[in-house]
Each structure stands twice: as C-alpha cells, then as structure tokens.
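There's a structure below that I have some questions on.
Laboratory data are not the source of any read-out in this text; all were calculated from the coordinates shown. The model shown is predicted, which means the values in this text are computed figures rather than measured ones. Counting neighbours? That spans all protein chains shown, and the Cβs are built from the backbone with ideal geometry, glycine included.
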Number of protein chains: 2
Amino acid sequence: MHRSMRGWIRFARSSGLSLPQFSVLMQLRHRGSFGMSEIAEKFEITPAAASQLTEKLVQAGYIERIEDPNDRRAKLLRLSKAGEKFVVEGVEERYRWINDLTKRLSAEEQAKISEALTILIKAMEGLIL
Amino acid sequence: MHRSMRGWIRFARSSGLSLPQFSVLMQLRHRGSFGMSEIAEKFEITPAAASQLTEKLVQAGYIERIEDPNDRRAKLLRLSKAGEKFVVEGVEERYRWINDLTKRLSAEEQAKISEALTILIKAMEGLIL
DNA sequence: CTTTCTAATTAAGTTGACTTAACTATATAA
DNA sequence: TTATATAGTTAAGTCAACTTAATTAGAAAG
C-alpha cells in the first residue's frame, strides 16, 4: 500500500501536479463533469482556491471549462483527451504492483479474494448511501 | 477509503500537524527509533527539511531526540508517551468506520473476508521480502 | 595528527497553496 | 423593477514547507 502511495505521489509530482490537483482529475474521471463549487466543498477549500486549482489544470490542458446550460454563472469542468490519458496512465502506474501480486496467487485464491471484495464493496455502498 | 483518508487528514490537521509529520510518528511507532537521515531518505527531502520537520514534533512534545550510542553525531528519534497516545488515537479515528462496516457483515461473510485478507497479506509479504 | 567525509543544525530566501476582500455576472425573490 | 443571493474570478497578502549554503561536531582514512 505504501509502495503504491509513493508511486502515485511520484507520478503526480513528476508531472508537476499537486496531489489535490491529481485528485480532481480522478474525481472527474470517476464521477463525470461537475462544477467549481463542488470542488470547494469536496476539498474543503474556498471557492477562490478551487478556481485557482482548476485554472492550473486548464492551463496544463487536462481539463476544459464549459458552460452549464442550466445556469450561465456556473461552469462545468470536463476532462480533456489529454487529461483522460494522463489519469489512465496514473492509475496504471499506481496499480502496477497489483499485477505482481496477482501472479503470486492461485486461481482458487483469486476467486476467494474476489468474493470477499465483492462483499466488502456492497457493505461499503450500504454505509455510504 | 476516501472517508478514512479524510478522517486521518482531519485528525492530523486538527492537531496542528501536517500529514508528513503525522506520518513520521506512524513510522516511529511501527518501526521503532531511527535517525534523521532515514527520514530524509524515506520522505525524499533534504536533511535540513528533515531536521525542521522533527523539530516541530519535538516542540509539540510528541518525540524525543536521544543520542545514538554508536555515533555521537547522529541522533535517534523516539516517540514520547504523549506521541504514543496521540498516534494510537489517530489510528482509532482513522479506522472507526471499519467498525460500522463490520456490523453490516454476517459471521460467514467476516470469515470469508478474513481468509481472503490472510491470503493477500502473505502474498504481499512475498512481494516485499 | 591532519585531512576528508558524514550527521545534524541554523539562517535566509523561494515557492506554492491557501486565505480574505473586492468585483463581475447571473439567478431568484420581493 | 429593485434587492438580495449565488457562481466564479482576480488581487494581495499570509504561511508553512521546502531549498541552498554555511556551520558545528564527530567519525574515518591517509
């Protein structure tokens, strides 16, 4: 786990992004487009800070600001092609070690783990929703 | 996982410590005493930064600097009583949600997960050693 | 013993992420 | 329509963590 953490942090840093910035990209990929104010809430920072944070991501070419059709004050953030590619690579980097781990497990062991994780995921969903 | 992350970060922040500072305390608890240079290596910062980082932990009363009996230039860092207490509370805070999760699982499900985790831990040990 | 290397610290300055405050533009309510 | 609230931005300044460079003390090698 520690190894993967380092991998992630290194990947983010080597690209010149802070961890929160990278995190925003991850959120965008996972949950689709959302607005500035949601970033502020989610990361517990002021709207001003959120704006500055996203500005850097826009300048880096990873996200695009698009107009919210329902509210012309608001802006939606969307992953660009480059951003998409970047995040996918980051995730691969982060989870590379899992491949090594999987190789060490028998088919039976893998099945057991898969089942256990399914149980856990369901329970966690119940916890959140 | 996200929830627990936030919990940890909040706990660290509310105590006035940065996450790296808290991380040093965790390492100290997990691996016992070690020296300044190891911190610099582990966190990929200069010795100067490591020194400043630990200074704050010393001032907060969480760790103590003791002399290395083998090398009088070097100093060993050790968790103080207060530091020990602080870390334990932090860990509890971080993993509180696991209790909620466990309550949602039947005895059978818990057994399956336990078995799967045992398999995983062994495989990871093999990966590291 | 003297030179050189290593561990840690301190001082000074840089950087980046954050804050507050002021502002623009749009939405909503009176 | 006017007033008020909301979404986002920009400017200015704060603060913490980092860097480099200089310093002290002890270790290791010649």
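Rounded to whole Å, how close does chain B get to the rotation axis onto A by Cβ? Give me the residue too, please?
Taking the axis that maps B onto A, the answer comes out as B:ALA116, 2.
Enter the mean number of other protein chain beta carbons within 10 Å of the beta carbon of each residue in A:42-51, as an integer.
Working: counts 2, 1, 4, 0, 0, 0, 0, 0, 0, 0.
That works out to 1 on average.
Continuing with the same structure: Between B:THR46 and the same site in the other copies, what are the distances in nm, shortest first, taking label points 7 Å from Cα along the C-beta direction?
3.1
For chain B, set up a Gaussian network in which alpha carbons nearer than 10 Å are linked by springs, and say which option among B:ILE66, B:ILE39, B:ILE119 fluctuates the most.
Maximum among the listed residues: B:ILE119.
Follow-up. Considering only the label points, 7 Å along Cα→Cβ from Cα, what distances in nm to one decimal separate B:LEU129 from the same position in each other copy, shortest first?
Result, one decimal in nm: 4.2.
Return the inverse of the average 1/r over all pairs of distinct C-alpha atoms in segment A:2-104, which is the Kirkwood hydrodynamic radius, in Å to one decimal.
Values: mean 1/r = 0.0692 Å⁻¹.
Result for segment A:2-104 stands at 14.4 Å.
Looking at chain A as a GNM with Cα springs under 10 Å, which of A:ALA74, A:ALA82, A:ALA116 has the largest mean-square fluctuation?
In this elastic network of chain A, the residue with the biggest mean-square fluctuation among A:ALA74, A:ALA82, A:ALA116 is A:ALA116.
Also: Rounded to whole Hz and in sequence order, give me ³J(HN,Hα) for segment A:23-31 from the Karplus expression 6.51 cos²θ - 1.76 cosθ + 1.60, θ = phi - 60°, writing x for Gly and Pro.
Result, ordered by residue: 4, 4, 4, 4, 4, 4, 5, 6, 10 Hz.
Distances from B:SER14 to the same position in the other copies: list them in nm, one decimal, shortest first, using label points 7 Å from Cα along Cα→Cβ.
3.7
How large is ³J(HN,Hα) for each residue in segment A:123-129, as worked out from phi by the Karplus curve 6.51 cos²θ - 1.76 cosθ + 1.60 (θ = phi - 60°), to whole Hz, x for Gly and Pro?
Working through the residues one at a time gives 5, 5, 4, x, 6, 7, 6 Hz.
Now for a different question. Enumerate the amide H contacts of B:PHE34 below 5 Å, restricted to partners 5 or more residues apart or on another chain; note that Pro and chain-start residues carry no placed amide H.
Residues meeting the amide H criterion: B:LEU77.
I need the phi-derived Karplus couplings for segment A:73-84: 6.51 cos²θ - 1.76 cosθ + 1.60, θ = phi - 60°, integer Hz, Gly and Pro marked x.
6, 7, 10, 9, 9, 9, 5, 7, 3, 4, x, 3
Right, something else. For the protein assembly as shown, taking Cα atoms only, what is the radius of gyration to one decimal and the Dmax to the nearest whole Å?
Spelled out, the Cα radius of gyration and Dmax of the protein assembly as shown are 21.5, 69 Å.
Note down the magnitude of the dipole of segment B:2-128 about its Cα centre, charges +1 on Lys and Arg C-beta and -1 on Asp and Glu C-beta and zero elsewhere, to the nearest 20 debye.
On the way: 21 positive and 17 negative charges, 75 e Å.
Here segment B:2-128 has a charge dipole of around 360 debye.
Additional query: With a sphere of radius 13 Å drawn around the Cβ of B:ARG73, what net charge do the other residues whose Cβ falls strictly inside it have (Lys, Arg +1; Asp, Glu -1)? Can you show the working numbers first?
Working: positive: B:ARG65, B:ARG72, B:LYS75; negative: B:GLU67, B:ASP68, B:ASP71.
That works out to 0.
So what does log10 I(q)/I(0) come out to for segment A:59-101 at q = 0.13, 0.14, 0.19 Å⁻¹, using the Debye formula with one equal point on every Cα and no solvent?
The Cα Debye sum returns log10 ratios of -0.44, -0.48, -0.66.
What is the fewest-to-most order of B:LYS85, A:LYS75 by other Cβ atoms lying within 10 Å of their Cβ? Display every interim value, and only then the final one.
On the way: B:LYS85 12, A:LYS75 18.
Ranking B:LYS85, A:LYS75 by Cβ neighbours within 10 Å, fewest first, gives B:LYS85, A:LYS75.
Ranked by Cβ crowding within 10 angstrom, fewest neighbours first, how are B:PHE11, B:PHE86 ordered?
Working: B:PHE11 18, B:PHE86 22.
Ascending number of Cβ neighbours within 10 Å: B:PHE11, B:PHE86.
In the Gaussian network model of chain A, springs joining C-alpha atoms below 10 Å, which of A:PRO20, A:PRO69, A:PRO47 carries the largest mean-square fluctuation?
Its mean-square fluctuation being the largest, the pick is A:PRO69.
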